[in-house]
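So the structure is just underneath, and the comments pick up after that.
The values are calculated or read from the model by the stated rules, or taken from the named source; none is laboratory data. Remember, it's a predicted structure, so these values are computed and weren't measured experimentally. So basically every Cβ, Gly included, is an ideal-geometry build from the backbone, and we count neighbours across all protein chains shown.
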Amino acid sequence: MEKKDPYASLRIREFNIFLLVRFLLVFAWSMQFIIIEWQVYSITKDPWSLGLIGAFEFIPAFSMALFAGHIVDQREKRNLLALCIALFSLISFGLFFLTQPDFVKEGHSKTVLYAMYALVFFGGLLRSFFGPTIFSLVALIVPKKLYPNAATWSSTTWQIAGVLGPAFAGYSISLIGVSSSLSIVFGLVVFSFLMMFFIKKKPILNTKKGEPISKSLVEGISFVFKTKSILGAITLDMISVLFGGAIALLPVFAQDILKVGAEGFGALRAAPAIGAFLTMLITAYIPISKNAGMKLLMAIFGFGICIIVFGLSTSFIISLIALFFSGVTDGVSMVIRQTILQLKTPDHMRGRVAAVNSMFVGSSNELGALESGLTAKLMGTVTAVVFGGTMTLITVMTTGILNPTLRKLDLTKDLEEHEKAE
């Protein structure tokens with residue numbers, strides 16, 4: 001059997017450019033979000049105003065997701081992503097303008113606040129297009145036989161940028177201030193826009209161009225619900241994020257339960273990301289296509305166990321280890337889920353399938369934080385986290401029993417068929 005090359009997808013020039021663009025966008029977006037939170041709270045001194053930021057981004061992103069998927073399948077992907085980045089740069093510049101020292105002064109605070117919320121809402125609209133466009137574009141850059149390898153490196157890039165962006169934002173605010181930090185975000189976005197033109201335009205593979213929106217959307221949703229492997233992967237992802245959202249309660253654990261202060265909080269926050277990052281690097285060397293369904297179920301089951309252990313722990317070291325391994329298991333499941341989606345989705349439906357995925361999974365991040373906060377208020381913090389982990393375990397076992405297609409899923413044949421075809 002031919003030895004797998006862990007760097008196979010990285011040998012494709014356009015994929016490297018794609019990874020750079022994705023890193024810049026995720027880094028800039030996550031950095032910008034932290035700066036917005038800081039500035040909004042500085043204006044209002046009201047924690048509820050922070051919740052509104054998430055709401056203003058979530059509502060348009062969720063509402064527009066299916067429509068965005070339809071548009072993505074009807075349009076050329078390189079130029080569509082470039083357009084999204086150009087609009088993102090306008091948001092970044094608008095935030096930079098609003099936070100100018102001469103503009104932020106007495107009597108203008110409410111104007112600045114409402115304008116920032118408006119730009120966040122606009123960003124939510126863009127977010128509904130980013131996911132399906134990126135998902136569709138990467139499938140046109142790398143051959144199908146390299147999808148698992150590409151998913152590993154793409155997820156790793158996302159993970160690194162998602163960790164470094166917020167961390168850099170915190171240091172940047174303290175060193176050069178809010179406005180100057182947002183100028184860095186604007187610069188990164190503009191640079192990513194310029195890099196897009198080193199990727200060639202791609203063919204539109206949807207043979208039903210001009211199809212009515214209603215028919216197109218119904219077709220996309222029906223495909224997801226009929227394809228048990230995709231539906232199972234999306235459902236597991238949604239439930240694990242929804243009920244396993246211990247991250248939202250980390251400040252409570254750091255301050256009141258483990259009593260480790262700000263430094264301990266930083267370590268707890270970083271532990272899952274480090275675990276996920278290391279695991280995704282390892283999966284580049286160890287193929288996960290064989291018995292992928294069982295590996296996915298085992299990974300998310302392990303994630304649930306880690307969340308329960310973290311919830312019950314009163315030891316900082318044990319809590320740190322539990323969160324690290326929650327990241328390890330989440331990293332495995334992330335790569336497998338992305339591989340399933342890429343291999344099982346027809347080229348002409350990638351935008352719509354990615355849109356349904358973003359509705360399920362993207363919304364579960366915000367709803368997971370809400371669920372964690374609500375259950376913590378009703379049950380207590382520890383009970384809420386243990387409840388979330390337990391619900392994750394129940395979901396995995398139920399899915400494994402009721403969805404034999406996912407349980408028996410093996411992607412080896414899919415990959416071999418694509419290798420023969422190419």
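On the basis of being among the hydroxyl-bearing types (Ser, Thr, Tyr) and touching a residue at least 12 places away in the same chain (Cβ under 8 Å), does Ser180 make the cut? When the stated conditions are applied, Ser180 does not pass them.
Out of the stretch 213-232, which residues are among the small types (Gly, Ala, Ser), over 19 Å from Leu297 (Cβ atoms) and buried (at least 18 other Cβ atoms within 10 Å of the Cβ)?
Ser216, Gly220
When the test is whether a residue is farther than 27 Å from Ile401 by Cβ, of a type in the set (Gly, Ala, Ser) and buried (at least 22 other Cβ atoms within 10 Å of the Cβ), Ala292 does not pass it. Restricting the stretch 13-39 to residues that are among the β-branched types (Val, Ile, Thr) and either modelled with pLDDT of 95 or more or in contact with a Gly (Cβ under 6 Å, 6 or more places away or on another chain) (or both), the residue that is surrounded by the fewest Cβ atoms within 10 Å (Cβ to Cβ) is Ile17. In the stretch 308-349, the qualifying residues are those that are polar (S, T, N, Q) and more than 19 Å from Trp158 (Cβ to Cβ), and the one that is surrounded by the most Cβ atoms within 10 Å (Cβ to Cβ) is Ser319.
Yes/no per residue for (1) touching a Lys or Arg at 6+ places or on another chain (Cβ under 6 Å); (2) at pLDDT 80 or above; (3) closer than 27 Å to Ala273 by Cβ; (4) part of a helix (DSSP H, G or I):
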{"residue": "Val185", "(1), (2), (3), (4)": "no, yes, yes, yes"}
{"residue": "Phe191", "(1), (2), (3), (4)": "no, yes, yes, yes"}
{"residue": "Lys200", "(1), (2), (3), (4)": "no, yes, no, no"}
{"residue": "Lys209", "(1), (2), (3), (4)": "no, no, no, no"}
{"residue": "Glu219", "(1), (2), (3), (4)": "no, yes, no, yes"}
{"residue": "Leu236", "(1), (2), (3), (4)": "no, yes, yes, yes"}
{"residue": "Ser240", "(1), (2), (3), (4)": "no, no, yes, yes"}
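Looking for whichever is within 28 Å of Pro6 (Cβ to Cβ), assigned to a helix (DSSP H, G or I) and touching a residue at least 24 places away in the same chain (Cβ under 8 Å) here; the options are Ala355, Ala299. Which one fits?
Ala299
Screening Ile134 with (1) crowded, with 20+ Cβ neighbours inside 10 Å; (2) modelled with pLDDT under 90 gives one miss only, at (2). Scanning for something free of Cβ contacts under 8 Å to residues at least 12 places away in the same chain, outside the structural domain of Ala292 (by TED's automatic domain parsing) and not aliphatic (A, V, I, L, M), does the stretch 161-172 turn up at least one residue? There is at least one residue in the stretch 161-172 that is free of Cβ contacts under 8 Å to residues at least 12 places away in the same chain, outside the structural domain of Ala292 (by TED's automatic domain parsing) and not aliphatic (A, V, I, L, M).
Within the span defined as the stretch 386-409, one or more residues are within 17 Å of Phe310 (Cα to Cα), of a type in the set (Gly, Ala, Ser) and either assigned by TED's automatic domain parsing to the domain that holds Leu343 or at pLDDT below 80 (or both). Within the stretch 123-171, the set of residues being outside any loop (DSSP other than H, G, I, E, B), among the aliphatic types (A, V, I, L, M) and closer than 17 Å to Asp347 by Cα comprises Ile134, Leu137, Val138, Ala139, Leu140, Ile141, Leu146, Ala150, Ala151.
Name the residue, out of Leu258, Leu278, Leu250, that is assigned by TED's automatic domain parsing to the domain that holds Arg337, closer than 25 Å to Gly311 by Cβ, modelled with pLDDT of 80 or more and crowded, with 17+ Cβ neighbours inside 10 Å.
Values: Leu278 fails: crowded, with 17+ Cβ neighbours inside 10 Å; Leu250 fails: modelled with pLDDT of 80 or more.
After applying the criteria, what remains is Leu258.
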